[in-house]
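Bear in mind these aren't lab numbers, they're just calculated from the coordinates by the rules spelled out. Nothing here was measured: the structure is a model prediction, and the numbers come from that model. Reconstructed Cβ throughout: ideal geometry from the backbone, glycine too, with neighbour counts over all protein chains shown.
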Amino acid sequence: MAWNITIISKDKIYDPNSIKLEREVFDIFNKKVNSRYAISYIIEGDFSEEEIKKIAENLIVDPIIEDYFISYGDEDMKLSNIMRASRITIKYKKGVLNPNDEITFINLKRIIGERLKGLYTIHTYYIEGASEKDLENIANKILANRLLHEVKIEHD
Amino acid sequence: MISVKVFKISSYSDEDLLRLNDELDLNLSLDELRAIKKFYSEKSRQATDLELHTFSQVWSEHCFHKTFKSRIKFGNEEIDGIFKTYIFKATKELNKSWCLNTFSDNAGIIEFDDRYAIAVKVETHNHPTALDPFCGAHTGMGGVYRDILGVGARPIASMDYLFFGPLDITNEHVPHGFYHPKITVKRVVEAIADYGNKVGIPTVNGSMFFDVGYVTNPLVYAGCVGIIPKARYIKQPKPGDLILVIGGKTGRDGIHGASFASASLSGVSSEIYYSAVQVGNPIEEKKIIDAILRARDEYEKPLYSLITDLGGGGLAVAVCESFKDLGCRIDLSSVQLKHSNMAPWEIWVSESQERMLISVPKENLEKILEIFEEEGVGVNLIGEVEKSNRVSVYFKEEVVGDIDLNFLFKGIPLPRMKAEIPKLTNQEEVLLEDEEDYTQSLLEVLSHPNISSKEWAIRQYDHEVGARTILKPLQGVNGEGPGDAAVIKPLYDSWKGIVISNGGNPNYSSDPYAMALSAIDEAIRNNVSCGGRRIALLDNFSWGDPNDPLELGKLVLAAKGCYDGAIAFDAPFISGKDSLYNVYHDGKKSISIPPTLMITAIGIIPDVRKSVTTDFKRSGNYIYIIGFTYDELGGSAFFKLKGINGGKIPTVYPERARQIYDRIIKAIDRGLIKACHDCSEGGIAVALAEMCIGGYLGAEVNLDKIPTNLTRKYKILFSESNSRFIVEVAQGYEREFEHLMRGVSYAKIGYVISEKELIINSSKKKIVNASLQDMIRYWKSTLAF
């Protein structure tokens, strides 16, 4: 079981990941969609909720432009209050090294210590205005590579 | 518990051999399998899976370059290897004393000054990019940086040459399983920026080309230049030296990468080659670079006796090649792994990134371990050099592989290949009626993806880091104009510089020999245009299936062009690479990429303060053209725009070209040239436009003054004849300049003007009258994501 810190840009804050996705969907498929992007840090280790909050607020989240949510034992935390939208969730397959995760893990461990047992990230795109087929296309032709990524698509 | 499979291969039938080939995914030919069977029969031994995978990797096209080494029947000729007969032969004949190491190490090495040498390498990473554009390009950059580190040099500049499908292709025309070219372009550029910027190596030179032939097989050429004190180059392992793997952990990524790179793709490749995608870690690479350079420099001599990159084929290739004249003992149980359940053969052939192999004399071990510890670089002591002529591979105490180095490197049965002499097609003269006005044609040519501004990509790269970049990719008043070459000042206590340029145009591939000569001429003239001289070349071939006699024939002709070009220009090849089987099978037909040869030119400039940029400098200055314009619009941007297939491919007259280049260099050295730009795609018209854009100035020229036998205006404007320059000379210097240019074709054709427009007159009429704003708008509009 692990903690989940999910971070999303505050409302009306410029979010480059969403903007990029919307542009690329328009570029490739000539379709307009709205999107929000969330990144989840899955943290494995024996921590209390208080400690995880401190880690989030002091080390990971930018409180000026980002909101965050915490849950325990819920890798797949859906932010249904953010957008009533379809979701594409992407993470690296087990065994594939994500260098960004590795560096984050090494450096967090330097600060937090040996109690940090593992860390990986999950990327979630909330998308409005896309059909089921659109979502498949967006996932396979823009966001992910199924050689490397596990992809979950939920159509709303 | 380790798992090693053994095979009684000496008793296998041909059918059994082929089945084994499929099961283990070895990608070996039947002749190669039979040779291996014969070897094991003679030795009365069984083969382990690790040994078979070693053959698969070392004997792959990617690592062994079989096509370039094989005997080829070409018409009435019998060619004893393309490499030996053409590429390397030129280098041997030229025999330059300043070529210190050619074709025998991770990178080519040439002299810079009496203290330092320059290392250069250009790699291709095509097949991985086809599977995942970001990871492929990312690890391509990482790999070439490690090639430079693999000769002990500090990487100081990188280059990238990229080939993509058309941006306006519809989704229906992109085969299943492949990305739209727009996505491929974006991911590749993001990757190059991400890797280079994080490691702190500036990306200073490059090119981008679009053609429908690259939709399923995009090409990524990654290049790097490094610098090394001459006294610090070492490659002398001895028996007793310890063997270490340094850097990241070893995992399953990249397994069979080398044999995958030698195979053609299909829409289901992604399902088969899942492990051939490698993921890069530039932060790890930066730590390795810092650690290795400390190990090189901190003591009287380098602490290591050998260093090499772990690239294609992983440990299998690196260990066997590094110690092929000696031998060694390896214990794979010492390798730090990402996954606990890896079989020995997987550890052996893994292509996990950011790893190097070094050998270290025992007395230096403690010192080098201290450095790696301080830099946070992982180290695994995995073996020892022996004088045994074999590589003995263990997992703890158990033998998992016993490799005979003599058979491994000399036992491969090279195929005898057959090449067809290609007929030159589409060379017929095309005659169009002249138009009254070519302004719109010029604007449309400027917006062609192969010519248009690459600022969108360039601005994502850091081309300043390291404070060595003198001439950058974008030049001129607003930093918008294109540069012909990059100039780097590698040493902080010397004004001497390196000039880096490239040449190549697949549109000329209907005449592969002329294409090769043109590529060499273009690379050299881009170098000369900035003041470069004493030039060395690198060749990089990306081609289709060499088993197709016609494709092989084109390759032979291109290689011939390389030999003739190198000799004619007195410019030796110092390194090269080939990437073959860039073919897509859709079940019904095969689609090959256009034959693609890229030439990199590395020159020297004695004083970087004299380097010249392409942008016009001052109104009132004179504009000259140097060089003769021929009827050579075959494969031109203008004809592509008009949808015309025909016309003569530009050729090269090397003697005349050399005379021009010598004079240009002299003029630059004397400070007579204010701006210089070569004429290439789009011809004179585009060259003038680009100089106006860079200088944010206008120009007025007279087409009738251009040295040529042509009468049709469009031919003079847009012909892509080689060996030509547009040059700006300040008022008061024209006499000295013209005196220097005597003996070559040249003419004063006009003036730089302060009005923001390009005016080209002919027969006293304006045939081009393009505003600077329009030229900039069209030129920048294509790659504006």
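Which translational diffusion coefficient, to the nearest whole µm²/s, is obtained for the stretch B:13-154 from the Stokes-Einstein equation, given a Kirkwood hydrodynamic radius over C-alpha pairs, 25 °C and 0.890 mPa s?
132 µm²/s
At what distance in angstrom do the alpha carbon centres of the stretch B:155-198 and the stretch B:329-390 lie from each other? First find each Cα centre; the distance between them is then 34 Å.
Take each residue of peptide A:22-28, count the partner chain Cβ atoms within 10 Å of its Cβ, and average: the result is 3. What is the calculated FRET efficiency for B:D297 to B:W98, with r their C-beta to C-beta distance and R₀ = 25 Å, to the nearest 0.05? It comes out at approximately 0.60. Residues B:H739, B:H65 in ascending order of nearby Cβ atoms (within 10 Å, fewest first): B:H739, B:H65. Considering all C-alpha pairs of the stretch B:28-73, those separated by over 14 Å amount to 57%.
Based on the Kirkwood approach, the hydrodynamic radius assigned to the stretch B:601-664 is 15.5 Å, with every pair of different Cα atoms included. In this structure, the amide hydrogen of B:A699, modeled 1.01 Å from its nitrogen in the peptide plane, lies closer than 5 angstrom to those of B:I753, B:E757, B:L758, B:I759, counting only residues at least 5 positions away or on a different chain. Ranked for footprinting exposure by Cβ neighbours inside 10 Å, fewest first, B:E428, B:E734, B:E700 give B:E428, B:E734, B:E700.
Return the calculated 222 nm mean residue ellipticity for chain B, to the nearest 500 deg cm²/dmol, obtained by summing -39500 (n - 2.57) across DSSP H runs with n ≥ 4 and dividing by the residue count.
-9500 deg cm²/dmol
For the stretch A:34-123, GluC sites (Glu not before Pro) meeting the loop criterion (DSSP other than H, G, I, E, B) and having at most 15 other Cβ atoms within 10 Å: A:E75, A:E114. With respect to chain B, whose longest principal axis is taken over its alpha-carbon atoms, helix B:772-781 is tilted by about 20°.
Cβ-Cβ distance of B:N547 and B:D14, R₀ of 25 Å, FRET efficiency by 1/(1 + (r/R0)^6): the value works out to about 0.85. Restricting the stretch B:509-599 to trypsin sites (Lys or Arg not before Pro) that sit in a DSSP loop and have at most 10 other Cβ atoms within 10 Å of their own Cβ leaves B:K588, B:K589. Working from label points 7 Å from Cα in the Cα-to-Cβ sense, the B:I644 to B:L491 distance is 5.2 nm.
For chain B, the normalised intensity computed at q = 0.08 Å⁻¹ comes to -0.65 (log10 of I(q)/I(0), Debye sum over alpha carbons, equal scatterers, no solvent). The HN-Hα couplings worked out from phi for the stretch A:63-76 by the Karplus form 6.51 cos²θ - 1.76 cosθ + 1.60 (θ = phi - 60°) are x, 6, 10, 10, 9, 9, 9, 10, 8, 10, x, 10, 4, 9 Hz, whole numbers, x standing for Gly and Pro. Each residue of the protein assembly as shown gets 176 Å³ once the volume of the Cα convex hull is shared out per residue.
Using the Cβ-Cβ distance between A:I70 and A:D27 with R0 = 30 Å, the FRET efficiency computed as 1/(1 + (r/R0)^6) comes to roughly 0.25.
Hey, got a sec? Which chymotrypsin sites (Phe, Trp or Tyr not before Pro) in the stretch B:492-584 land in a DSSP loop and have at most 12 other Cβ atoms within 10 Å?
B:Y492
Averaged over the residues of peptide A:95-104, the number of Cβ atoms from other protein chains lying within 10 Å of each residue's Cβ is 6.
With the cut-off at under 15 Å, measuring from each backbone N in the stretch B:319-339 to a point 7 Å along the Cα-to-Cβ line of B:E384 picks out B:327-332.
Here the contact order of the stretch A:3-154, divided by its residue count and restricted to Cα pairs under 8 Å and six or more residues apart, works out to 34 percent.
Quote the Stokes-Einstein diffusion coefficient, in whole µm² s⁻¹, for the stretch A:3-154, based on the Kirkwood radius over alpha carbon pairs, a temperature of 10 °C and a viscosity of 1.306 mPa s.
97 µm²/s
The lysines whose alpha-carbon is closer than 26 Å to the alpha-carbon of B:K756, local same-chain residues fewer than 8 away aside, are B:K454, B:K472, B:K617, B:K674, B:K705, B:K713, B:K715, B:K748, B:K764, B:K765, B:K766, B:K780. Sequence-ordered 3J(HN,Hα) estimates for the stretch B:206-211 from the Karplus curve with 6.51, -1.76 and 1.60 and θ = phi - 60° stand at x, 7, 9, 9, 10, 7 Hz, glycine and proline given as x. Averaging sequence separations of C-alpha pairs under 8 Å and six or more residues apart, then dividing by the length of chain B, give the relative contact order as a whole percent. The value is 14 percent. The angle between the Cα long axis of helix B:365-375 and the longest principal axis of the Cα atoms of chain B comes to about 50 degrees, rounded to the nearest 10. Taking the Kirkwood radius as the inverse of the mean 1/r across Cα pairs, report the Rg/Rh of the stretch B:6-54. We get a ratio of 0.90 for the stretch B:6-54. Annotation: extensible slack from B:D168 through B:E738 equals 200.6 nm (criterion: 0.36 nm per residue apart, minus Cα-Cα distance). Here the Debye sum runs over all C-alpha atoms of the stretch B:640-736 as equal scatterers in vacuum, and log10 of I(q)/I(0) at q = 0.22 Å⁻¹ comes out as -1.38. Charged neighbours of B:I307, selected by a Cβ distance under 9 Å, balance to +1 (K, R count +1; D, E count -1). Residue-wise HN-Hα couplings along the stretch A:113-130, as the Karplus relation 6.51 cos²θ - 1.76 cosθ + 1.60 with θ = phi - 60° gives them from phi, are x, 5, 5, 6, 9, x, 8, 8, 10, 10, 10, 10, 10, 8, 10, 10, x, 10 Hz; Gly and Pro carry x. For the stretch B:450-497, the convex hull drawn through the C-alpha positions has a volume of 87 cubic angstrom per residue.
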